[in-house]
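Peer 1: Following this message is one structure expressed as structure tokens.
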Amino acid sequence: MTTPRTPDVHVLPANLHALTAAIFERAGWTSRDAHLAADHLVLSNLSGHDSHGVGMVPRYIQTAQKGLLKTGHELTTVMDAGALLTIDGGMQLGQVIGHDATALAIDRARAHGVAVLALRNTHHLGRIGHWGEQAAAAGLVAIHYVNVIGRPPLVAPWGGSRARFSTNPFCVAFPRPGTDPVVLDFATSRIAHGKTRVAWKRGVQVADDNLLDSEGRATNDPSVMWTDPLGALLPFGDHKGFGLGMLCELLAGGLGGAGTIPGRTDWGLIVNNMLSILVDPAKLGGAGSYAAETEKLIEWVYSTPAAEGFDRVRIPGEPERELRAKRTAAGTPLDATSWGEIVATAVSLGIPRAEVAAMAGVDVGG
Ligand code: NAD
């Protein structure tokens with residue numbers, strides 16, 4: 001990576017949360033929904049996933065102003081068979097619909113031992129680990145497959161030179177009684193699309209072997225994912241990541257009845273479909289056995305001597321928690337371009353600049 005153009009702005013989480021919630025309220029969401037959105041977006045930044053944090057707010061608000069993202073929070077039941085549920089999110093805010101649909105699936109998993117939720121037609125669900133963490137906090141194992149169909153294809157299949165899928169994320173969260181869960185949560189592209197946005201706005205290049213330009217040639221320039229003619233992200237793990245991304249398409253879009261990417265032309269908004277499988281671990285193998293096995297395995301993994309260049313082995317979910325602790329104390333860094341867009345969005349919604357500055361706790365310029 002090269003040096004960014006302008007220094008980042010650091011905003012403390014409580015300030016960022018207050019400003020984010022105020023923007024959503026001004027744009028028409030209820031106070032409860034605006035706070036759910038702020039909870040999710042600020043936690044993404046704190047976790048180090050700036051690609052899925054408050055930098056998305058200007059785009060969400062623009063999409064809402066076009067009438068494509070709805071301000072309500074209604075879950076429409078398409079099918080309800082107890083442990084099996086199909087819910088339509090009505091193109092409402094993913095940060096709210098994801099929360100409410102996961103809460104419903106948690107109730108069903110507690111009642112039946114398992115719940116399979118097909119959530120369709122929802123605006124961007126953001127950091128999928130958020131939903132895994134919600135289920136894990138309720139003591140449940142959660143597996144999530146997501147397909148993204150409302151924007152042009154972004155990821156080339158293994159062996160291909162043009163994009164055919166989106167970044168279809170996959171997540172598994174595994175609760176650990178009395179302590180933090182294991183949370184594996186990633187895009188099936190080598191890097192998340194939003195990370196190319198952050199790099200592009202910061203004016204930096206991305207690492208090798210992540211991107212193809214519109215002619216299918218390797219490039220480090222993130223603008224190929226944001227300006228026409230578009231290039232493609234490569235799948236992580238070569239044929240294996242491509243296979244998992246394709247399965248996300250089939251499980252979230254095909255099995256759930258939401259639809260897959262071929263033939264879609266409604267580009268311009270981020271439509272997410274998610275298949276969630278929630279399992280009560282106490283029911284399958286027994287509460288004692290699963291907890292003991294989990295801790296035994298984690299201890300075994302931790303006992304690995306560190307490789308050159310590493311201080312120690314970490315388990316999935318740990319880097320995010322470490323960063324949360326640091327960023328909660330020091331403030332979350334936001335690139336100057338994204339920060340300017342957030343401030344402009346707040347002002348355009350009628351929040352006086354002085355009020356934005358007071359909420360943010362930093363200078364927001366004249
Ligand atoms: P990433 O490449 O940063 O990988 C994150 C995962 O790897 C986490 O589980 C993390 O704990 C683990 N990890 C990272 N470093 C580790 C280490 N040293 N040791 C052990 N584990 C480690 O994630 P990404 O692919 O950039 O995805 C970022 C976010 O984007 C995710 O939250 C994903 O859900 C989200 N996303 C959302 C959409 C959508 O449309 N909603 C699409 C794509 C991605």
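Peer 1: Can you spot a residue in region 294-310 that is modelled with pLDDT of 90 or more, within 29 Å of A64 (Cβ to Cβ) and surrounded by 12 or more Cβ atoms within 10 Å (Cβ to Cβ)?
Peer 2: Checked against the condition, which is being modelled with pLDDT of 90 or more, within 29 Å of A64 (Cβ to Cβ) and surrounded by 12 or more Cβ atoms within 10 Å (Cβ to Cβ), region 294-310 yields no hits at all.
Peer 1: Looking at L93, L46, L36, which one is farther than 28 Å from A258 by Cβ and modelled with pLDDT of 95 or more?
Peer 2: L46
Peer 1: Kindly provide the set of residues from region 175-211 that are more than 8 Å from the ligand (Cβ to nearest atom), buried (at least 22 other Cβ atoms within 10 Å of the Cβ) and part of a strand (DSSP E or B), ordered by number.
Peer 2: Once the filter is applied, which keeps residues that are more than 8 Å from the ligand (Cβ to nearest atom), buried (at least 22 other Cβ atoms within 10 Å of the Cβ) and part of a strand (DSSP E or B), region 175-211 yields P175, P181, L211.
Peer 1: For G90, are the conditions met, namely being within 14 Å of the ligand (Cβ to nearest atom) and in contact with a strand residue (DSSP E or B) (Cβ under 7 Å, 6 or more places away or on another chain)?
Peer 2: For G90, the condition - within 14 Å of the ligand (Cβ to nearest atom) and in contact with a strand residue (DSSP E or B) (Cβ under 7 Å, 6 or more places away or on another chain) - is not met.
Peer 1: Considering only residues that are touching a Gly at 6+ places or on another chain (Cβ under 9 Å) and surrounded by 14 or more Cβ atoms within 10 Å (Cβ to Cβ), which ones fall in region 74-85?
Peer 2: L75, V78, A83
Peer 1: Follow-up question, since we're still on this one. D8 versus (1) under 24 Å from A344 (Cβ atoms); (2) at pLDDT 95 or above: which is the lone unmet condition?
Peer 2: (2) is the only condition that D8 fails.
Peer 1: Looking at L125, L36, L68 in this structure, which one is in a helix (DSSP H, G or I), touching a residue at least 12 places away in the same chain (Cβ under 8 Å) and within 16 Å of the ligand (Cβ to nearest atom)?
Peer 2: Sole residue among the options that is in a helix (DSSP H, G or I), touching a residue at least 12 places away in the same chain (Cβ under 8 Å) and within 16 Å of the ligand (Cβ to nearest atom): L36.
Peer 1: Here's something else I'd like to know. May I ask you to list the residues in region 144-169 that are more than 12 Å from M225 (Cβ to Cβ), surrounded by fewer than 24 Cβ atoms within 10 Å (Cβ to Cβ) and within 13 Å of the ligand (Cβ to nearest atom)?
Peer 2: G150
Peer 1: Looking at (1) over 27 Å from I342 (Cβ atoms); (2) in a strand (DSSP E or B); (3) of a type in the set (A, V, I, L, M, F, W, C), can you tell me which one C171 breaks?
Peer 2: The single condition C171 does not satisfy is (1).
Peer 1: Answer yes or no: is there a residue in region 143-153 that is more than 16 Å from the chain's Cα centre (by Cα) and modelled with pLDDT under 95.
Peer 2: Within region 143-153, one or more residues are more than 16 Å from the chain's Cα centre (by Cα) and modelled with pLDDT under 95.
Peer 1: Specify the residue that is surrounded by the fewest Cβ atoms within 10 Å (Cβ to Cβ); the eligible residues are those in region 91-122 that are in contact (Cβ under 8 Å) with a residue 24 or more places away in the chain and among the charged types (D, E, K, R).
Peer 2: Of everything passing the filter in region 91-122, R110 is surrounded by the fewest Cβ atoms within 10 Å (Cβ to Cβ).
Peer 1: Go through region 312-334 and count every residue that is within 6 Å of the ligand (Cβ to nearest atom) and under 11 Å from L43 (Cβ atoms).
Peer 2: Result for region 312-334: 1.
The values are calculated or read from the model by the stated rules, or taken from the named source; none is laboratory data. Computed from a predicted model, the values in this text were never measured in an experiment. Ideal geometry is used to build each Cβ from the backbone, glycine not excepted, and the neighbour counts take in all protein chains shown.
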